[in-house]
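The values are calculated or read from the model by the stated rules, or taken from the named source; none is laboratory data. Model, not experiment: these values are computed from the prediction. Reconstructed Cβ throughout: ideal geometry from the backbone, glycine too, with neighbour counts over all protein chains shown.
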Amino acid sequence: MTGRGRRILVDADACPVKEEIYRVAYRLEVPVVVVSNAHLRVPQHALIERVVVSDGFDAADDWIAEHVDPAAVVVTADILLADRCLKAGAGAVVAPNGKPFTGSSIGNAVAVRAIMSDLRAGGDRIGGPPPFGKEDRSRFLSALDAALVRIGRQTGEGMRA
């Protein structure tokens, strides 16, 4: 599927919005590549491809970063993977909570991640992200749809609504 136009690449091991991704993909007829370190259940559908990589450190991230191009939308919560994908030319990178990672926002996100990691390593007790909720799912659906529509316009692919 890679290199054949618009598609969604999913960092799937801990992705809470896979069902939402499938719904958008079916509606817009956009292929989805579900990348994971373990065998995950995915729908039996012509638009859905499962890629299981080794359980090596960052193997799924490496696969995704190597397969992005301007027609790919990457779905990941991993800030470092988002950075790699943007640098590799991904059309869009969207977090499961609907937050888009962009060239102008990724530097700050990487810096905050590093600071939080240092604080945790130093023994500081800091809270994690807020609980994932309905608003996050709704924001994600809007962000994914908008990214796919924008890329469809840029690549000249026929839009389906």
Tell me the residue from 53, 93, 75 that is touching a residue at least 24 places away in the same chain (Cβ under 8 Å), closer than 30 Å to residue 131 by Cβ and buried (at least 16 other Cβ atoms within 10 Å of the Cβ), please.
75
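This table checks each residue for (1) buried (at least 19 other Cβ atoms within 10 Å of the Cβ); (2) touching a strand residue (DSSP E or B) at 6+ places or on another chain (Cβ under 9 Å); (3) among the hydroxyl-bearing types (Ser, Thr, Tyr); (4) without any contact (Cβ under 8 Å) to a residue 40 or more places away in the chain.
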| residue | (1), (2), (3), (4) |
| --- | --- |
| 14 | no, no, no, no |
| 22 | yes, yes, yes, yes |
| 39 | no, yes, no, yes |
| 42 | no, yes, no, yes |
| 48 | yes, yes, no, yes |
Can you confirm whether residue 78 is among the acidic types (Asp, Glu) and within 14 Å of residue 93 (Cα to Cα)?
yes
Within segment 44-62, does at least one residue satisfy the condition of being of a type outside the set (D, E, K, R) and in a helix (DSSP H, G or I)?
yes
Any chance residue 35 is among the aliphatic types (A, V, I, L, M), more than 22 Å from residue 138 (Cβ to Cβ) and at pLDDT 95 or above
yes
Count of segment 102-125 residues which are outside any loop (DSSP other than H, G, I, E, B) and either acidic (Asp, Glu) or modelled with pLDDT of 90 or more (or both):
1
Does residue 148 count as within 21 Å of residue 83 (Cα to Cα), modelled with pLDDT of 95 or more and touching a helix residue (DSSP H, G or I) at 6+ places or on another chain (Cβ under 9 Å)?
yes
Positions within segment 24-37 being without any contact (Cβ under 8 Å) to a residue 60 or more places away in the chain and farther than 16 Å from residue 69 by Cβ, in sequence order
25, 26, 34, 36, 37
For residue 89, only one of the following conditions fails: (1) touching a helix residue (DSSP H, G or I) at 6+ places or on another chain (Cβ under 7 Å); (2) closer than 20 Å to residue 150 by Cβ; (3) among the small types (Gly, Ala, Ser). What is its number?
(1)
Which numbered condition residue 131 misses (of (1) assigned to a loop (DSSP other than H, G, I, E, B); (2) modelled with pLDDT of 75 or more; (3) closer than 19 Å to residue 24 by Cα)
(3)
Per the list (1) without any contact (Cβ under 8 Å) to a residue 24 or more places away in the chain; (2) in a loop (DSSP other than H, G, I, E, B); (3) surrounded by 21 or more Cβ atoms within 10 Å (Cβ to Cβ), residue check on residue 84 breaks on (2)
